[in-house]
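Structure, as C-alpha cells:
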Amino acid sequence: MSTSRESSCLQLPAVGRFRIRLALGKDVVAITRIYNESVLHSVATFQISPDTVRRRQSWLRSHGARHPAFVLEQAGAIMGWSALSPYSLREAWRFTVEDSIYLDASVLGRGWGEKMLTHLLEVARGLGHRVVLARIVASHKASICLHQKLGFTEAGRLCGVGFKFGVWHDVIYLQKDFGTS
Ligand SMILES: CC(C)(COP(=O)(O)OP(=O)(O)OC[C@H]1O[C@@H](n2cnc3c(N)ncnc32)[C@H](O)[C@@H]1OP(=O)(O)O)[C@@H](O)C(=O)NCCC(=O)NCCS
C-alpha cells in the first residue's frame, strides 16, 4: 500500500475505545477470518465456501478511493470491517453503493456496528454518493434493525432467492437516499 494511503489512515479519529481507519494490506488476514465466521455459521452472506486470503486481497485492491474499505481496530487487534462497494459496474449506477459491515462475534451488541455504519454513511455522503443500498437476508433482524435505525427504508423483497443450510431465504433491499441535499 502507498504512503499516502497509510498517512490518510492516521488522520482518522479514534472513536471511543476503538478507531475506524482505512483497511490496509496487513489487515486482510483478519478481514478474511471475520468474514468467514459469517460464511460458515450464518446466512448473513450467501457465500457458502470460505474465502481465501488471496481473494480478499484482490477484493481490497478493487476498493479504490470511491469505494473504500475500513477496519475497526481495538488495541491493535482488528475486530471488524466495513466497505462501500459498487452496486453495479454499469455507469449510470455510479452514485449508488452497497454497504457491508462484519464484526467479530466477540464484540456484537456493544454499539460498534452502529458506529461503523454511521461512519460509512458519512463517508458515502462525503464522496458524493446518492444512494446506499443494503441487501439483507430477511431473517437477519439485527442488521435490518440497525439499518432502519440509521434511516434506511425497505425498498423491496426477493423471495426464495438464496439456498443455504438446507433452507430457502428471502432477501430484503433497504436504501438510504441522500438526495440532492
Ligand atoms: C449486524 C451487525 C453489524 C450489528 O452490529 P452490532 O454492533 O452487534 O449492533 P449494535 O450494538 O451497534 O446495535 C445497533 C442497533 O442495531 C440493532 N440490533 C443490533 N443487534 C440486534 C439484535 N440482536 N436484534 C435486534 N436488533 C439489533 C438495534 O437497532 C440496535 O440499536 P439499539 O441498541 O438502540 O436497539 C453485527 O451483528 C455483525 O457484524 N454481525 C455479523 C456479520 C453480519 O451479519 N453483517 C451484516 C450482514 S447484512
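What follows is calculated from the coordinates using simple rules that are stated; it is not laboratory data. Predicted model, so just to flag it, every value in this text is computed and none were measured. Backbone-built Cβ (ideal geometry, glycine too); neighbour counts: all protein chains shown.
Values for this structure:
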quantity	calculated
Per-residue Cβ neighbour rank within 10 angstrom, fewest leading, His129, His63	His63, His129
Share of Cα-Cα pairs in the chain lying beyond 29 Å, as whole percent	17
Distance in nm between pseudo-label sites at Ala77 and Thr153 (7 Å out along the Cβ direction from Cα)	4.1
Order of Asp99, Asp177, Asp104 - criterion: other Cβ atoms within 10 Å of each residue's Cβ, fewest first	Asp177, Asp104, Asp99
Surrounding net charge for Val97, when Lys and Arg each add one and Asp and Glu each subtract one, Cβ distance under 15 Å	+2
Residues Arg135, Arg66, sorted so that the one with the fewest Cβ neighbours within 10 Å comes first	Arg66, Arg135
Number of Lys pairs (Cα under 28 Å; 8 or more positions apart or on different chains) in the chain	10
The chain - charge dipole about Cα centre, Lys and Arg +1 at Cβ, Asp and Glu -1, debye rounded to 20	220
Leading residue at positive end of dipole, the stretch 44-138 (Cβ point charges), from Ala44, His63, Val107	His63
Residues whose placed amide H lies under 5 Å from that of Gly162, excluding near-sequence neighbours	His169
